[in-house]
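Student: Right, I'll just put the structure down here and ask away after.
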Amino acid sequence: MFSSNLPYQFYNYVKSIALLVLALSGMPTSAEQKTSVVNLPSVAKHIETLASDTFQGRGPLTEGEQLTINYLAEQYQAMGLQGANPNNGPVSSLNRYLQAVPMAQITPNQDMTLQIGDLSFVSGSDFTARTEQISPQITLDDSSLVFVGYGINAPEYQWNDYADIDVSGKTVIVLVNDPGFATQDATLFTGNAMTYYGRWTYKYEEAARQGAKAVLIVHETAAAAYPWSVVESSNTGSKYTLVDSQQNKSKLPIMGWLQLAATEQIFKQSGLNYQQLKKQALQADFTPVTLQQSANLTLKNTISRATSHNVVAKIEGSKYPDEYVLVGAHWDHFGTKHTPSGDIIYNGAVDNASGVGGTLEMARVLMAKHKVKPFERSILFINFTAEETGLIGSEQFSKGEIIPTKNMVALVNIDGMNVLDKVDYILQYGDGLSEMEDYLVRAAKVQHRQVKLDPRPQNGLFFRSDHFSMAKRGVPSLLFMSLGDTDPDYIAHRYHKAEDDFSADWSLGGVEQDIELMVDITETLANSRDWPKWKMDSDFKVIREADLAH
């Protein structure tokens, strides 16, 4: 029987022979030709194991979760890392490597109708509605309907769509994305690059702060960066949420989306032209418009509760053990879908078994370095749960139950690695956000690689992975993601599909060089007194400065 590790063993054998030939010839070896500290067969084994059918797609709250968190805890323990949760049993216990993430599963009943004036809309095909409040039923009863443009309140951009309207208890209709994307004007917000103000999550958060009862985001494919089918599939089934002591009453009662065609009908019924008002909403002095009709809807929910887990392990610093450099990657994927024709397992090999394999290998490499010369700061490795269902595990961690945010130096987050050949660049997500970008440039230069900006900034990827939970609480971070840039076929045919499987044909050259780069950044920060700062004026910067001041 052939070993699945044979390709990597052969690769290392050939590389050793090449280095020997160069040495005997007297030719200098470049940085790329130096023997790597990365054990590619080990990384491949981690990915293959985590993405195997045995792990059932690593769905939270399933047997696949138990297998996954046990595997990760055992791997970290075997490497000599400590469990990072001091509140979870004796030092030797595997429970020390776990952080409980209490969640509610909320399933909206799709037998509902949105009634606006004389118009009736069908759930799924015309609109979606869900909630994060722990309530079996929420109703809109003749709720006033207001169009508030982009629904943005951004002082740093001198923009407030809510300045001249009180939307307390009302239903607001908002546009997706932000005015910069709509105009492609680089001087307006950040032009084509999406800001957080353009994300659907922000629309709901701001409307909740304004006291709205419901939000209906108008879907347009280009502005949203995905078709209606994604909105429908993501919002009509079960969703998970954290639960606070007030049963999430501070959350927006109804979180909705509205098809463009349905939106145009609603505006026409009120004697308004949606396309004209959308253009007017591009002005900072836009005045919200109250529609003639009111909204009626009954949202019924089935609610269940369970506890998932983050996995946390640390290398304790020698001089500043309470200061932590974070390395993270989410362990979860979509689990197993049961169909009449058989089970479909979403193994998520690239997204994100590769990232988890990367954190395990970084832990091994850094632990070996620590034994030779201890790091001054602590390094914490965290594998988050429930990223795919809304960054839930990272949101729980960001609350500071294990480490206060003021003790978090920065986060390096991996969400999909380049499992193919090495490349001469590294992608940077976001531009001019924080000084972590300077660390990326320096480490890339050591590898003779260039830093390239995200080629799809309009998709707002910086706001769509676990590091963003920390960013919202002020912690600077870097996102390492390689999904479609080295393999365009991946997004079209394997991303979030059952076809995202492990392949023994992967060279893992990109994994090797990116792990080396991230180890460099992590090691540098662990032996530094630097606290990377935010560059761009934002709520993140204000929160961070206030946090570090205490």
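The values are calculated or read from the model by the stated rules, or taken from the named source; none is laboratory data. Because the structure is predicted, anything quoted here is derived from the model rather than measured. Because the Cβ atoms are built from the backbone with ideal geometry, glycine has one as well, and the counts that use them run over all protein chains shown.
Student: For region 423-442, what are the residues that are in a loop (DSSP other than H, G, I, E, B) and under 19 Å from the mean Cα position of the chain (by Cα)? Walk me through how you get there before you give the answer.
Tutor: Narrowing region 423-442 to residues in a loop (DSSP other than H, G, I, E, B): 423-424, 429-433, 435.
Answer for region 423-442, where residues must be in a loop (DSSP other than H, G, I, E, B) and under 19 Å from the mean Cα position of the chain (by Cα): 429, 430, 431, 433.
Student: So which of 360, 291, 366, 326 ends up being at negative phi, modelled with pLDDT of 95 or more and not assigned by TED's automatic domain parsing to the domain that holds residue 66?
Tutor: Of the residues listed, the single one that is at negative phi, modelled with pLDDT of 95 or more and not assigned by TED's automatic domain parsing to the domain that holds residue 66 is 291.
Student: A further question follows. Looking at region 265-287 only, could you name the residues that are buried (at least 19 other Cβ atoms within 10 Å of the Cβ) and part of a loop (DSSP other than H, G, I, E, B)?
Tutor: Those that are buried (at least 19 other Cβ atoms within 10 Å of the Cβ) and part of a loop (DSSP other than H, G, I, E, B): 281, 286.
Student: To continue, here is another question. Looking at region 245-259, which of its residues are assigned to a loop (DSSP other than H, G, I, E, B) and either more than 25 Å from residue 223 (Cα to Cα) or touching a Leu at 6+ places or on another chain (Cβ under 9 Å) (or both)?
Tutor: 245, 246, 247, 248, 249, 250, 253
Student: I need the full set of residues from region 144-161 which are in a strand (DSSP E or B) and either crowded, with 21+ Cβ neighbours inside 10 Å or among the hydrophobic types (A, V, I, L, M, F, W, C) (or both), in order please.
Tutor: 145, 146, 147, 154, 159, listed by residue number.
Student: Among the candidates 95, 153, 70, 87, single out the residue that is within 30 Å of residue 204 (Cβ to Cβ) and either within 27 Å of the chain's Cα centre (by Cα) or not small (Gly, Ala, Ser) (or both).
Tutor: Numbers: 95 fails: within 30 Å of residue 204 (Cβ to Cβ); 70 fails: within 30 Å of residue 204 (Cβ to Cβ); 87 fails: within 30 Å of residue 204 (Cβ to Cβ).
After ruling out the rest, the residue left standing is 153.
Student: Oh, and also: For region 354-391, which residues satisfy the criterion of being in contact with a Pro (Cβ under 8 Å, 6 or more places away or on another chain) and more than 16 Å from residue 412 (Cα to Cα)?
Tutor: Selection gives 385, 386, 389.
Student: Identify all residues within region 353-378 that are free of Cβ contacts under 8 Å to residues at least 60 places away in the same chain, farther than 26 Å from residue 53 by Cβ and either of a type in the set (Val, Ile, Thr) or part of a strand (DSSP E or B) (or both); write none if there are none.
Tutor: 372
Student: Return the only residue of 193, 262 being surrounded by 15 or more Cβ atoms within 10 Å (Cβ to Cβ) and in a loop (DSSP other than H, G, I, E, B). Outline the logic, then answer.
Tutor: Working: 262 fails: in a loop (DSSP other than H, G, I, E, B).
Testing whether each residue is surrounded by 15 or more Cβ atoms within 10 Å (Cβ to Cβ) and in a loop (DSSP other than H, G, I, E, B) leaves just 193.
Student: Please pick out the residue among 104, 100, 129 that is touching a residue at least 40 places away in the same chain (Cβ under 8 Å), surrounded by fewer than 18 Cβ atoms within 10 Å (Cβ to Cβ), in a strand (DSSP E or B) and among the small types (Gly, Ala, Ser).
Tutor: Going through 104, 100, 129 in turn, the sole match is 100.
Student: Name the pairs: first residue in region 227-244 and farther than 25 Å from residue 122 by Cβ, second residue surrounded by 19 or more Cβ atoms within 10 Å (Cβ to Cβ) and among the hydroxyl-bearing types (Ser, Thr, Tyr), Cβ to Cβ under 6 Å, at least 6 apart or on different chains?
Tutor: Within 6 Å, the pairs are 240/389.
Student: With respect to residue 350, determine if the residue is assigned to a helix (DSSP H, G or I), surrounded by 24 or more Cβ atoms within 10 Å (Cβ to Cβ), touching a Gly at 6+ places or on another chain (Cβ under 7 Å) and hydrophobic (A, V, I, L, M, F, W, C).
Tutor: yes
Student: Identify all residues within region 198-244 that are aromatic (Phe, Trp, Tyr) and part of a loop (DSSP other than H, G, I, E, B); write none if there are none.
Tutor: Of region 198-244, the ones aromatic (Phe, Trp, Tyr) are 200, 202, 204, 226, 228, 240.
Across region 198-244, the qualifying residue is only 226.
Student: Count, please, the residues in region 281-330 that happen to be in contact (Cβ under 8 Å) with a residue 60 or more places away in the chain, under 30 Å from residue 169 (Cβ atoms) and not small (Gly, Ala, Ser).
Tutor: Qualifying residue count, region 281-330: 18.
Student: Within region 508-535, track down each residue that is within 25 Å of residue 483 (Cβ to Cβ) and either of a type in the set (A, V, I, L, M, F, W, C) or without any contact (Cβ under 8 Å) to a residue 60 or more places away in the chain (or both).
Tutor: Across region 508-535, the qualifying residues are 508, 511, 515, 517, 518, 519, 521.
Student: Also, quick follow-up: Among the numbered conditions (1) under 29 Å from residue 80 (Cα atoms); (2) surrounded by 20 or more Cβ atoms within 10 Å (Cβ to Cβ); (3) without any contact (Cβ under 8 Å) to a residue 60 or more places away in the chain, tell me where residue 392 comes up short.
Tutor: Among (1) under 29 Å from residue 80 (Cα atoms); (2) surrounded by 20 or more Cβ atoms within 10 Å (Cβ to Cβ); (3) without any contact (Cβ under 8 Å) to a residue 60 or more places away in the chain, residue 392 violates only (3).
Student: Hey, could you check region 370-395 for residues that are acidic (Asp, Glu) and within 12 Å of the chain's Cα centre (by Cα) and say which is farthest from residue 524 (Cα to Cα)?
Tutor: The qualifying residue farthest from residue 524 (Cα to Cα) is 388.
Student: Let me ask another. Of 470, 481, 518, which residue is surrounded by 18 or more Cβ atoms within 10 Å (Cβ to Cβ) and either in contact with a Gly (Cβ under 6 Å, 6 or more places away or on another chain) or among the basic types (Lys, Arg) (or both)?
Tutor: 481
Student: Which ones in region 107-126 are in contact (Cβ under 8 Å) with a residue 24 or more places away in the chain, part of a strand (DSSP E or B) and among the aliphatic types (A, V, I, L, M)?
Tutor: Listed by number, the residues that qualify are 114, 116, 119.
Student: Restricting attention to region 162-183, which residues are part of a loop (DSSP other than H, G, I, E, B) and either over 27 Å from the mean Cα position of the chain (by Cα) or over 30 Å from residue 457 (Cα atoms) (or both)?
Tutor: The answer is 162, 163, 164, 165, 166, 167, 168, 169, 170.
Student: A follow-up question, please. May I ask you to verify whether residue 420 is touching a residue at least 24 places away in the same chain (Cβ under 8 Å), on the phi < 0 side of the Ramachandran plot and touching an Asp or Glu at 6+ places or on another chain (Cβ under 8 Å)?
Tutor: yes
Student: Could you go through region 396-414 and let me know if any residue there is in contact with a helix residue (DSSP H, G or I) (Cβ under 9 Å, 6 or more places away or on another chain) and among the acidic types (Asp, Glu).
Tutor: First, pick out the residues of region 396-414 that are in contact with a helix residue (DSSP H, G or I) (Cβ under 9 Å, 6 or more places away or on another chain): 396-400, 403-406, 408-414.
From what is left, the residues that are among the acidic types (Asp, Glu) are none.
No, region 396-414 contains no residue that is in contact with a helix residue (DSSP H, G or I) (Cβ under 9 Å, 6 or more places away or on another chain) and among the acidic types (Asp, Glu).
Student: Taking residue 312, is it assigned to a strand (DSSP E or B) and farther than 30 Å from residue 132 by Cα?
Tutor: The answer is no for residue 312.
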